[in-house]
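Only the coordinates and a few stated rules stand behind these numbers; no lab work does. Note that this is a predicted model, so its numbers are computed, not measured.
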Amino acid sequence: MAGICAAAFSLVAVIIRPFVGWWLDNGVRRAALVAGLVLMGLAPRVDVPKRKLDLRTIINRDSLPATVTMLIFMFTFGALENFVAIFASEASLPSGSLYFIVMSAMLLLVRITLGKLVDQRGEALFVYTCNAAMLVALLLLALVPNTVTYVLSAVLAGYAFGGLEPSMQSMAVHTSTEKTRGSANSMFLCGYDISYGLGGGIAGSLIAGAGYPAMWATVSLACVASVLVYVAWARHSDTSFSKRLANR
């Protein structure tokens, strides 16, 4: 549970990163960079035993269902973090920093209040509701962008990220042993990062070709695809909490 909470706080850090970046851009960026480099140089050296690369220790098959479900969903995050602030500026909406602050606050609230529901109810609750929330959040930006819907979109996106990421990571490591837990976590986080990067790139191409409304609407389809993958495959795997609870 501690690892999942740590992952949730890590996600909060990722969400508020653009806001911190804008702040650093106002005169203190170089000082922060120099201070960071100095601290890196002072960090103690850690000796890690060298091992031969073996793909069997990297690809964890048990974590694949949760990883793919989350990977598809994360296309939405890549689009939001990279472009919601620019979109807000061009559409005369409140600043992007407000969006990220509201999102991160909602994320923390979800983790504090609903974190134990995965063990009690299974991950299916979060897969369905979080994908639905993100679908609505993106469609609000695409179809009716105004101050109220902008803030509501941030609330829904915060719930979506706050609920789905830790529940999918719990599922990814559910059946892992002490020896395979590291590869299961690594597999999940690699899928997470790859999708985040691809989501931003694809969103940028869509904006250039069709504009922001079409991009938000198109990216929202990732939520539908994520649910379909979960229903057709992931919920039937042995790593599914929902399957385990249903068979009791």
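Some observations on this one:
- Solution diffusion estimate, µm²/s, Stokes-Einstein, region 57-123, Kirkwood Rh from C-alpha pairs, 20 °C, viscosity 1.002 mPa s: 146
- Bins of 5 Å, starting at 0 and running to the largest distance - Cα pair percent for region 162-248: 3, 12, 16, 21, 17, 12, 9, 6, 3, 1, 0
- Rg ratio (alpha-carbon, reference 2.2 N^0.38 Å) - region 87-158: 1.22
- Debye intensity ratio I(q)/I(0), log10, region 184-234, q values 0.15, 0.18 Å⁻¹ (C-alpha model): -0.52, -0.70
- Unsatisfied cross-links (Cα-Cα over 27 Å) in the set Lys50/Lys179; Lys50/Lys243; Lys50/Lys116: Lys50/Lys243; Lys50/Lys116
- Two-decimal log10 I(q)/I(0) for region 137-195, as the Debye equation yields it once each C-alpha is a single scatterer, q = 0.13, 0.20, 0.21 Å⁻¹: -0.50, -0.76, -0.79
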